[in-house]
Structure formats: C-alpha cells, structure tokens
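The values are calculated or read from the model by the stated rules, or taken from the named source; none is laboratory data. Keep in mind the model is a prediction, meaning the values are calculated, not measured. Neighbour counts run over all protein chains shown; Cβ positions are idealised from the backbone, glycine included.
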Amino acid sequence: MNALKLEKLMDYQPGYIEDQVNFRIGNGYFEDMLWDFNGFDDVRKNVAKARNQFDFSMIKHTKIALVFKQFLVTDMIANEVSTAKRDYDGLRYFYRFLESNYPSIDSLSQLTQMILRTYYLSVLEAKSQKTGGPLSRTSILHNTSHIKDLFLEGMRRGWDVPSEGYWIVQLYEVIIGESPRVAMPNKETTKTAYSPETIATVIKCALKDSNIITKSAVIISTQIGVRIDEVVSIKAGCIKTISGKPKIEYITRKTKKGPTTVYKPVNALVIEVVKQLEKETEELRKQTGLEDLFISKCNRFGPMPCSIDNFNKNYLKPFVKRWDIKEDGKLIDLSSHYFRHFFAQGAWKNGMPVESISKMFDHDSLMMTSTYTYNLREQVHESFVDAMLSDQVIAGPAVGKIQERLRKSNPFKGKTESQIELIMDAMRIRTLSNGVCMHHPARGESCPVDGGNCHHCENFISMQCCLDTHKLRVERLKDEMKRAESQGNKIWYNKNREEKDYLENTFIKPLEEGGGIK
C-alpha cells in the first residue's frame with residue numbers, strides 16, 4: 001500500500017505495533033475490539049459494512065488477539081484492506097480450531113508441531129458450510145498460508161509466537177503444498193508463451209498489413225494492453241493531450257462502476273495507426289453517422305461497427321495465414337487476448353513493475369496481473385534460487401553486504417527449492433525483470449529508493465539471466481542521450497549518462513566478467 005493510502009487508514013509509525021501504542025486505525029484505535037474502515041477511499045463501497053470491519057470480540061485470549069492485530073497491520077502495510085480482510089477470516093478459522101480442540105492454549109507461543117499438523121489436516125478434511133462438500137482449493141490456501149505467514153513474520157519481529165519454527169514452513173510444504181487437493185496444473189502455464197521473436201514478427205507483420213482493422217487492433221492492443229472490446233470501442237478524436245502527454249480515450253466495462261471512460265498513455269506507433277484508421281474509415285463514419293473507428297464495410301447489412309464475437313475468426317486467423325507466422329513449424333493459434341500477454345511481457349522485460357502493469361490493465365489484484373508475466377518471472381525466480389544454493393555470480397550496489405549477511409544468517413541454507421520458494425513468499429521478496437529486491441515491506445520499513453528504481457536499492461541483487469534486460473535498458477538510455485544532445489538538453493543528457501554508467505559498472509560488467517561476489 002502506498003504511503004498516502006496508509007496515512008489515511010492509520011497513524012502507524014515503525015515500531016508502534018511491537019510497543020503496543022494505541023494508534024489510530026480506521027475509525028478507531030488499535031486496542032479496539034472492532035476495526036472499522038467504512039467511509040475511507042479505496043475501501044470497498046458496495047458491500048455490507050461488516051465486510052470492511054475486523055471484529056476481534058470472539059477472540060477471548062488477549063495475547064492471541066494482539067498477535068492477530070499485529071499481523072493484520074503489517075498485512076495492510078503491504079497490501080489492501082480487502083486482502084487483510086481475507087487473511088483475517090483465515091485467522092478466525094484457525095482460532096475456532098484452537099478453541100474447540102485445545103482450549104487451554106492462551107498464547108500462540110504454545111503452538112507445537114503436533115497442533116499445527118492436526119490443524120492442517122483438519123482443513124484438508126473440512127466441509128464447506130455453503131455446499132456441504134470439501135473445501136475448495138482457494139479456501140484451503142486461505143485457511144493455511146496466512147497462518148504460516150503469521151508465524152514466520154512473528155518470529156522475525158519477536159511477537160508472542162514460537163521463537164524457533166522453520167518447521168512451520170516444512171509442515172506446510174509437506175501437508176498442504178504436496179496435497180492432491182492443492183497441487184493442480186497452474187492456470188498461469190495453460191496459455192502458450194510465444195517467443196520474443198514470434199511476438200516481434202506479429203507486430204512487424206501487423207505494421208505492413210493491408211487490412212486496417214487488423215493492423216490497428218494488433219498495434220493498439222500490444223502497445224497499451226487493452227482488451228479487444230475496449231479497442232473496438234474507440235472513436236474518432238480518441239487521442240487527447242493531457243498534461244502535455246498524448247493519451248488514448250476508450251470505454252471499459254470491466255469495472256464495478258459499469259462502463260467507464262479511461263485514458264491511457266500511448267506511443268508514436270499507436271498515434272500513427274489511429275490517424276490511418278481515422279482517415280480510412282472517414283467515409284464509412286459519414287455513411288453510418290457513427291463515431292466508431294472500427295467499422296467494417298464487409299457486411300451484408302452495410303457498414304457496421306466491428307463485432308468482437310468473431311474477431312479472431314474474421315481477422316486474426318486470416319492474418320496469421322496471410323503472413324505465414326509460425327512457431328515450431330506450426331501456424332500460431334493467435335487470439336486477441338494474447339496481445340495483453342505480449343504487452344505485459346514486453347513492459348515487464350523493459351523494467352515496468354507489475355504494479356504499474358496492473359494499473360494499465362485496471363486489475364483489482366496483482367495476482368491477476370502476475371499471470372501475464374509468469375514465464376519471465378519464473379526465469380528470474382529460478383535463477384535467484386540457484387544463486388542462494390550455489391556459487392552463481394550475483395551483482396548489485398551492495399552485493400558484498402548482502403553476501404556477508406547471508407554467510408552469517410542465510411534463511412535459505414539447507415532448504416529445498418520448494419522450501420526456498422515458501423520463504424521467499426513469506427518474506428515478500430520481489431521478483432523483477434532485472435533481478436530481485438530483498439527489501440521486506442511487512443516490517444514497516446519504508447522503501448529506501450524513490451520512484452520504484454529498485455536496482456539502486458542496497459537490498460537489490462541481479463543474476464546473469466538478467467543481463468539482456470540491463471543491456472536493453474542501456475541501449476534505450478543511449479537513445480535518450482542522443483535525443484537530449486540533439487535538443488541541447490544537457491541536464492537530461494547527463495542524467496541518462498549517469499544511469500547508463502551505473503548499470504554498466506554495477507551490473508553488466510560484473511555479470512559478464514564473472515567478477516561479482518560469489
């Protein structure tokens with residue numbers, strides 16, 4: 001959660017939770033047994049008031065209630081109130097288990113391996129109150145992963161939980177992670193991930209295509225990541241200048257408020273194809289009296305706005321055949337939704353944070369956005385795991401300090417690959433296109449860099465799999481330097497040169513030469 005949102009929701013300062021200071025939170029205070037967030041911006045509006053409240057009155061044990069509150073505050077620091085609310089529901093489920101089966105326990109520090117094992121198994125065997133059938137995969141994860149996260153966070157911060165308990169992660173992995181009820185094909189991998197070369201070919205062919213509808217749809221979708229129904233909604237005069245920057249105006253219906261006008265930044269390619277589309281459909285718009293830019297003249301009823309129902313069949317499949325676009329010897333099975341994947345992968349590869357991509361996509365959840373960058377993130381993720389388990393070369397602004405810290409206390413040492421993944425998730429280690437940032441937002445510490453430039457952070461490290469990303473960034477900086485030089489802008493030229501030199505000296509040279517700390 002950003003600092004502005006956090007400031008509105010609570011008067012939290014680092015250290016307050018552990019010191020048990022009764023700071024303001026929502027419409028009340030930390031020590032209250034009811035936290036109420038109704039009436040705040042960015043909190044769900046069209047739901048029952050209870051959905052924006054945290055009721056601790058059922059938790060009779062003061063020490064347990066305190067740890068739950070501490071965890072939920074750290075949760076809201078890193079996420080949204082709605083996310084913390086789901087975690088709160090999981091904590092209540094866990095408390096009901098303790099109250100029913102171990103009534104003598106009045107502190108989470110009394111938790112044992114046997115108790116946690118029994119709880120995990122009980123969740124797998126539980127029935128849904130709504131359907132009477134087994135709990136869904138999502139419910140199982142909600143009722144178990146948050147408990148694991150709470151204890152790991154509590155151990156790091158000295159809360160009233162077991163002081164030694166990495167067995168918690170191991171139990172979770174063995175009982176929950178390996179359960180057939182949970183282990184299922186990942187939806188993120190079901191869609192074919194086309195190679196960068198194929199994506200480049202699609203865009204290159206679209207720019208040359210004679211069908212203006214296909215050309216415009218492909219370019220607009222891949223460049224700004226909009227859905228096909230949003231693309232065909234754009235109208236003449238959609239390019240606006242807002243705060244000195246060109247943006248495209250369109251309608252989205254993927255919001256809780258219904259149809260909404262949206263403005264997104266555009267590049268020169270989008271501006272150019274929109275101009276062409278406006279020119280080529282001018283006569284059709286006059287005939288129909290419509291402002292829509294995506295008008296098809298090949299219709300038995302005369303010119304009409306393009307329909308998304310058969311868009312893939314009528315435009316994309318013929319496009320693929322027309323240009324013979326293949327991968328592994330077969331024509332690619334291109335659909336309009338792939339264009340959002342193309343945009344997300346390109347943006348992430350070029351250093352755009354998942355949070356920014358999520359904003360471009362109008363997603364409510366980062367998890368939704370993460371599916372679009374899954375394959376690329378996996379490469380960096382696996383490389384990080386290898387670096388923690390081997391002598392792989394790493395680089396970063398404070399790589400020596402990080403390596404020394406890991407030598408003294410490495411939470412990954414002796415762990416399996418899957419255990420490392422669980423620890424990364426609990427520590428909220430951030431996977432980026434150019435490396436990983438080990439800054440831990442749940443501790444309440446502010447990010448040491450501004451503007452999301454994680455590669456300047458002392459907690460940031462990069463691996464050899466990220467070399468191409470660093471080099472691509474350097475090439476873009478060189479282009480900016482040339483542009484600044486031609487315009488006589490010395491300040492912008494020097495700023496880009498400093499960044500270029502920083503990337504080359506901090507990441508590219510150490511990774512290429514194998515001179516990073518091992």
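Select, from ILE168, ILE140, ILE147, the only residue that is touching a Lys or Arg at 6+ places or on another chain (Cβ under 7 Å), touching a residue at least 12 places away in the same chain (Cβ under 8 Å) and surrounded by 20 or more Cβ atoms within 10 Å (Cβ to Cβ). If you could, list the steps in order and put the result at the bottom.
Numbers: ILE140 fails: surrounded by 20 or more Cβ atoms within 10 Å (Cβ to Cβ); ILE147 fails: touching a Lys or Arg at 6+ places or on another chain (Cβ under 7 Å).
The match here is ILE168.
Select from the range 304-330 the residues that are touching an Asp or Glu at 6+ places or on another chain (Cβ under 9 Å) and in a loop (DSSP other than H, G, I, E, B) and list them in ascending order. CYS306, ILE308 - these are the residues of the range 304-330 that are touching an Asp or Glu at 6+ places or on another chain (Cβ under 9 Å) and in a loop (DSSP other than H, G, I, E, B).
How many of the residues in the range 99-114 are assigned to a helix (DSSP H, G or I), surrounded by 15 or more Cβ atoms within 10 Å (Cβ to Cβ) and more than 34 Å from the chain's Cα centre (by Cα)?
Of the residues in the range 99-114, the ones assigned to a helix (DSSP H, G or I) are 99-101, 108-110, 113-114.
Remaining after also requiring surrounded by 15 or more Cβ atoms within 10 Å (Cβ to Cβ): 99, 108-110.
When the remaining residues are screened for being more than 34 Å from the chain's Cα centre (by Cα), the result is 99, 110.
Within the range 99-114, residues that are assigned to a helix (DSSP H, G or I), surrounded by 15 or more Cβ atoms within 10 Å (Cβ to Cβ) and more than 34 Å from the chain's Cα centre (by Cα) number 2.
I want to confirm something. Restricting to the range 115-131 and keeping residues that are not β-branched (Val, Ile, Thr) and not in a helix (DSSP H, G or I), which single residue is farthest from TRP159 (Cα to Cα)? Quick ask: steps written out before the conclusion?
Narrowing the range 115-131 to residues not β-branched (Val, Ile, Thr): 116-117, 119-122, 124-130.
With the extra rule that they be not in a helix (DSSP H, G or I), the set shrinks to 126-130.
Working: ALA126: 29, LYS127: 32, SER128: 32, GLN129: 33, LYS130: 35 Å.
If we take residues in the range 115-131 being not β-branched (Val, Ile, Thr) and not in a helix (DSSP H, G or I), then LYS130 is farthest from TRP159 (Cα to Cα).
From the list GLY154, GLY90, GLY132, GLY177, which residue is within 26 Å of PHE56 (Cα to Cα), modelled with pLDDT under 85 and in the same structural domain as PHE71 (by TED's automatic domain parsing)? Outline the logic, then answer.
Values: GLY90 fails: modelled with pLDDT under 85; GLY132 fails: within 26 Å of PHE56 (Cα to Cα); GLY177 fails: within 26 Å of PHE56 (Cα to Cα).
The match here is GLY154.
Before we move on, is VAL273 in a strand (DSSP E or B), modelled with pLDDT of 85 or more and of a type in the set (A, V, I, L, M)? It is false that VAL273 is in a strand (DSSP E or B), modelled with pLDDT of 85 or more and of a type in the set (A, V, I, L, M). Working carefully through the options TYR16, TYR120, TYR12, find the one that is assigned by TED's automatic domain parsing to the domain that holds ILE140 and at pLDDT 90 or above. Only one candidate passes the filter, namely TYR120.
Taking the range 69-93 as the range and being of a type in the set (Phe, Trp, Tyr) and crowded, with 21+ Cβ neighbours inside 10 Å as the test, the residues that pass are PHE71, TYR88.
One residue stands out in the range 200-236 among those that are within 30 Å of the chain's Cα centre (by Cα) and part of a loop (DSSP other than H, G, I, E, B): the one that is modelled with the highest pLDDT, namely ILE234.
Quick check on the range 479-488. Is at least one of its residues basic (Lys, Arg) and touching a Gly at 6+ places or on another chain (Cβ under 7 Å)? Checking the range 479-488: not a single residue is basic (Lys, Arg) and touching a Gly at 6+ places or on another chain (Cβ under 7 Å).
Test SER296 against the criterion of being more than 33 Å from the chain's Cα centre (by Cα) and either under 25 Å from MET360 (Cβ atoms) or of a type in the set (Ser, Thr, Tyr) (or both), and give yes or no.
On the way: more than 33 Å from the chain's Cα centre (by Cα): yes; either under 25 Å from MET360 (Cβ atoms) or of a type in the set (Ser, Thr, Tyr) (or both): yes.
Considered against the rule, which asks whether it is more than 33 Å from the chain's Cα centre (by Cα) and either under 25 Å from MET360 (Cβ atoms) or of a type in the set (Ser, Thr, Tyr) (or both), SER296 comes out as yes.
Residue check: is CYS238 touching a strand residue (DSSP E or B) at 6+ places or on another chain (Cβ under 9 Å), over 30 Å from SER195 (Cβ atoms) and surrounded by 11 or more Cβ atoms within 10 Å (Cβ to Cβ)? When the stated conditions are applied, CYS238 passes them.
Counting only residues that are modelled with pLDDT of 80 or more and polar (S, T, N, Q), the range 330-350 holds 2 of them. Which one of the conditions (1) modelled with pLDDT of 65 or more; (2) under 30 Å from PHE71 (Cβ atoms); (3) among the hydroxyl-bearing types (Ser, Thr, Tyr) does SER433 fail to meet, given that it meets all the rest? Every condition holds for SER433 apart from (2).
Being closer than 24 Å to VAL385 by Cβ, outside the structural domain of GLN345 (by TED's automatic domain parsing), modelled with pLDDT under 65 and of a type in the set (Asp, Glu): is that true of ASP425 here? Reasoning before the result, please.
Working: closer than 24 Å to VAL385 by Cβ: yes; outside the structural domain of GLN345 (by TED's automatic domain parsing): yes; modelled with pLDDT under 65: yes; of a type in the set (Asp, Glu): yes.
It is true that ASP425 is closer than 24 Å to VAL385 by Cβ, outside the structural domain of GLN345 (by TED's automatic domain parsing), modelled with pLDDT under 65 and of a type in the set (Asp, Glu).
State whether the residues of the range 49-68 include one that is of a type in the set (Lys, Arg), without any contact (Cβ under 8 Å) to a residue 60 or more places away in the chain, out of contact with any helix residue (DSSP H, G or I) (no Cβ under 9 Å at 6 or more places or on another chain) and farther than 21 Å from ILE175 by Cβ.
So the first thing to find is which residues in the range 49-68 are of a type in the set (Lys, Arg), and the list is 49, 51, 60, 63.
So of that shortlist, the ones also without any contact (Cβ under 8 Å) to a residue 60 or more places away in the chain come out as 49, 51, 60.
Those left that are additionally out of contact with any helix residue (DSSP H, G or I) (no Cβ under 9 Å at 6 or more places or on another chain): 49.
Add one more test, that the residue is farther than 21 Å from ILE175 by Cβ, and what stays is 49.
Within the range 49-68 (the criterion being of a type in the set (Lys, Arg), without any contact (Cβ under 8 Å) to a residue 60 or more places away in the chain, out of contact with any helix residue (DSSP H, G or I) (no Cβ under 9 Å at 6 or more places or on another chain) and farther than 21 Å from ILE175 by Cβ), the answer is yes, since at least one residue qualifies.
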